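Input: a single structure, listed below in structure tokens.
The values are calculated or read from the model by the stated rules, or taken from the named source; none is laboratory data. Predicted, not measured: the structure shown is a model, and the values here were computed from it. Quick reminder, even Gly has a Cβ in these numbers, built from the backbone with ideal geometry, and neighbours come from all protein chains shown. To get the accessible areas, we keep the full protein, side chains included, count just its heavy atoms, and leave off ligands, DNA and RNA. Shrake-Rupley method; radii C 1.70, N 1.55, O 1.52, S 1.80 Å.
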Amino acid sequence: MKNHTRIITTVQTAALVCFIMSPFQAENSLNIFSRLDLFTSFSLTVPFNDTQCKSQATVGMTTGFRALFRDCDIRLFSTLSPVSLTVPDENSCQKVFQALTDNPSFGISASLSHYLHIPVVIQAGTLVPGGSWKRLSSPELSTSISPFSKSFSLRQGLSSSLPGPFTGERPFAGYISAGIPETAGLFKDSAISLFYQDDGTCAASAVCSINIPHMIRTEFSFTGGRFFLSNTLSSWFSDTAFFHADWFPAFSVQALFHSQTFMSLLTVNAYEQPFSQIRYTYRSENKLTFRRFIFILAGFAADGKNIRCPDNSLLTTLGQLQAASQYTWKSAFLRQSSLTTGTSCLIQHRYDKKKRCTYDDIKYAFGIHYTGRQMSAGLTCKASNLSFPATNEKDKETPEYCVSARFSKRKGLLFSAATGTGTFSDSSAKEIFKATMGINNNILCASGSASISCSQNNSEYKDGTVSVIFSCSRLSKFFRYTARIVLKSTF
């Protein structure tokens with residue numbers, strides 16, 4: 001009932017804002033409404049393992065809509081988590097309907113720029129925070145590497161996005177952002193933001209941007225907030241002491257330099273920990289571009305182990321160093337064709353909470369990718385859990401290798417793609433193959449894909465999965481409907 005009250009209050013607030021602002025542009029009232037999107041997704045999973053029976057089949061569902069206006073975006077999605085498929089009766093149908101409406105994801109975003117002539121955005125609902133909020137919660141570099149990464153995120157300050165069909169359950173939150181308009185020239189893109197959740201968690205940020213046209217752009221941002229931390233799993237043998245749950249502040253300072261050939265982003269985070277400790281993390285990302293050559297160098301360092309982050313997780317990464325490069329060849333005869341080769345390496349120094357020791361981990365990736373007018377193909381090779389110098393510890397993770405290939409082709413309105421991935425180590429292996437076909441035009445977009453995966457452990461078959469996904473979207477001037485069906489089986 002509480003969630004339904006929040007939805008009604010959010011919609012009422014949106015209607016009130018639209019009603020107050022509508023007289024300012026009454027002559028353009030016919031252009032206020034843009035489009036209505038409806039979405040439905042159905043999933044069915046049927047296991048065929050010897051130790052399971054068909055009565056353990058599960059069904060899930062997601063449905064919702066998006067109403068898009070000129071200055072407003074309203075979304076509402078409800079998800080039914082996978083439940084056992086049994087013979088339906090009155091009680092089971094009532095439980096399914098109640099589960100579908102218990103924890104909806106909803107949100108509204110209203111832009112007042114058209115009326116106030118400055119970029120002002122107000123959002124409410126089960127929002128997803130981003131920007132410097134994510135940098136505070138996950139200060140380290142991403143552990144997933146790609147040989148074809150061309151850049152890194154330059155977003156500074158707080159940001160927020162409305163929920164999607166598969167966002168998941170999140171607390172109710174509000175967000176407001178106000179900035180300097182584009183006509184300001186030198187200080188455009190400067191902004192202040194505020195994010196607040198109904199559990200008391202809140203954060204605010206200020207971004208100062210200095211732009212010199214066709215030359216450089218520099219930005220400085222400060223973010224601060226308070227977050228609820230607790231440690232209920234402490235024991236005599238734990239290396240983190242017990243403390244009373246309370247609110248603790250965290251801060252982030254960022255500096256960006258951006259030019260046509262070089263960009264650099266520095267992030268420094270400070271966390272107040274229990275027992276009046278202040279802990280720090282440092283992160284630097286740099287990119288150099290010289291014609292068709294790109295070089296990226298990034299690093300991360302923490303002042304020690306077990307820094308408790310705003311999401312109440314313990315930071316286990318002590319240091320990281322990443323280097324990536326790629327070069328693109330373009331044919332003088334085939335102007336729409338290009339060949340790109342890239343490589344990336346990530347060295348990590350981490351702390352193992354179970355073994356209470358530090359270890360080094362090296363990841364490496366290499367790839368080659370061809371792009372033509374109607375087709376593209378690529379090959380990527382990755383290696384992880386490497387160490388230098390090599391060690392012979394019995395409890396150390398064995399190296400893991402991955403090879404993936406991708407091919408796609410488009411001819412007119414038709415497109416097709418195929419992807420194959422093989423991952424193997426000394427004791428395990430996994431193979432995945434996926435094929436996709438579809439059609440795409442201005443009115444209809446339909447696609448179907450089938451995938452199969454198998455895994456082995458110690459040269460013995462472990463399990464497998466087969467899935468079929470069909471998606472269809474019908475678009476008109478003011479209406480779009482999307483239907484998605486997922487059929488999955490384990491064997």
Test set (1) touching a residue at least 40 places away in the same chain (Cβ under 8 Å); (2) over 22 Å from the mean Cα position of the chain (by Cα) - Thr328 fails condition number: (1)
Every residue from segment 335-345 that is over 13 Å from Phe148 (Cα atoms) and open to solvent by less than 100 Å² (accessible area, probe 1.4 Å): Ser337, Ser338
Test: residue in segment 166-175 that is out of contact with any Lys or Arg (no Cβ under 7 Å at 6 or more places or on another chain), more than 30 Å from Asp303 (Cβ to Cβ), surrounded by 19 or more Cβ atoms within 10 Å (Cβ to Cβ) and hydroxyl-bearing (Ser, Thr, Tyr): yes
Residue in segment 468-484 that is closer than 29 Å to Pro147 by Cα and open to solvent by less than 40 Å² (accessible area, probe 1.4 Å) present: no
Test: residue in segment 281-294 that is open to solvent by less than 20 Å² (accessible area, probe 1.4 Å), aromatic (Phe, Trp, Tyr) and in contact with a strand residue (DSSP E or B) (Cβ under 7 Å, 6 or more places away or on another chain): no
Subset tally (residues that are of a type in the set (S, T, N, Q) and touching a residue at least 24 places away in the same chain (Cβ under 8 Å)) for segment 263-312: 8
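Residue-wise test of (1) part of a strand (DSSP E or B); (2) within 23 Å of the chain's Cα centre (by Cα); (3) over 20 Å from Thr281 (Cβ atoms).
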residue	(1), (2), (3)
Thr143	no, yes, no
Phe148	no, yes, yes
Ser151	no, yes, yes
Pro163	no, yes, yes
Leu194	yes, yes, yes
Ser205	yes, yes, no
Phe220	yes, no, no
Thr223	yes, yes, no
Pick from segment 86-121, criterion hydrophobic (A, V, I, L, M, F, W, C), farther than 22 Å from Phe33 by Cβ and open to solvent by less than 90 Å² (accessible area, probe 1.4 Å), ranking: modelled with the highest pLDDT: Ile118
Qualifying positions in segment 258-280 - out of contact with any strand residue (DSSP E or B) (no Cβ under 9 Å at 6 or more places or on another chain) and aromatic (Phe, Trp, Tyr): Phe275
Single unsatisfied condition, Ser209 versus (1) open to solvent by 40 Å² or more (accessible area, probe 1.4 Å); (2) of a type in the set (Ser, Thr, Tyr); (3) within 30 Å of Ser325 (Cβ to Cβ): (1)
Close pairs (6 angstrom Cβ cut-off, 6 or more residues apart or separate chains): at positive phi in segment 405-424, in a strand (DSSP E or B) and of a type in the set (D, E, K, R) anywhere: none
Whichever residue in segment 447-461 is without any contact (Cβ under 8 Å) to a residue 24 or more places away in the chain, of a type outside the set (Ser, Thr, Tyr) and open to solvent by 70 Å² or more (accessible area, probe 1.4 Å) and, among such residues, is farthest from Leu44 (Cα to Cα): Glu460
Pair list, Cβ < 9 Å and 6+ apart or interchain, from segment 174-187 residues that are touching a residue at least 24 places away in the same chain (Cβ under 8 Å) to residues that are of a type in the set (D, E, K, R): Gly174/Asp198; Gly179/Lys188; Gly179/Asp189; Ile180/Lys188; Ile180/Asp189; Pro181/Lys188
In segment 265-280, the residues that are in a strand (DSSP E or B) and open to solvent by 30 Å² or more (accessible area, probe 1.4 Å): Leu266, Val268, Glu272, Gln277, Ile278, Arg279, Tyr280
Some residue of segment 150-162 being among the basic types (Lys, Arg), in contact (Cβ under 8 Å) with a residue 12 or more places away in the chain and surrounded by fewer than 16 Cβ atoms within 10 Å (Cβ to Cβ): yes
Index of the failed condition, Val253 passing every other in (1) in contact with a helix residue (DSSP H, G or I) (Cβ under 9 Å, 6 or more places away or on another chain); (2) modelled with pLDDT of 95 or more: (1)
Test: Thr358 is open to solvent by 20 Å² or more (accessible area, probe 1.4 Å), at pLDDT below 90, in a loop (DSSP other than H, G, I, E, B) and among the hydroxyl-bearing types (Ser, Thr, Tyr): no
Residue, nearest to Tyr461 (Cα to Cα), within segment 396-446, restricted to residues that are of a type in the set (Val, Ile, Thr), loosely packed, with under 15 Cβ neighbours inside 10 Å and at pLDDT 90 or above: Val403
Which listed residue is more than 22 Å from the chain's Cα centre (by Cα) and under 26 Å from Pro129 (Cβ atoms), from Arg279, Arg308: Arg279
Strands (runs of 3 or more DSSP E) (entirely within segment 398-491) containing at least 2 residues that are farther than 25 Å from Thr63 by Cα and among the β-branched types (Val, Ile, Thr): 414-424
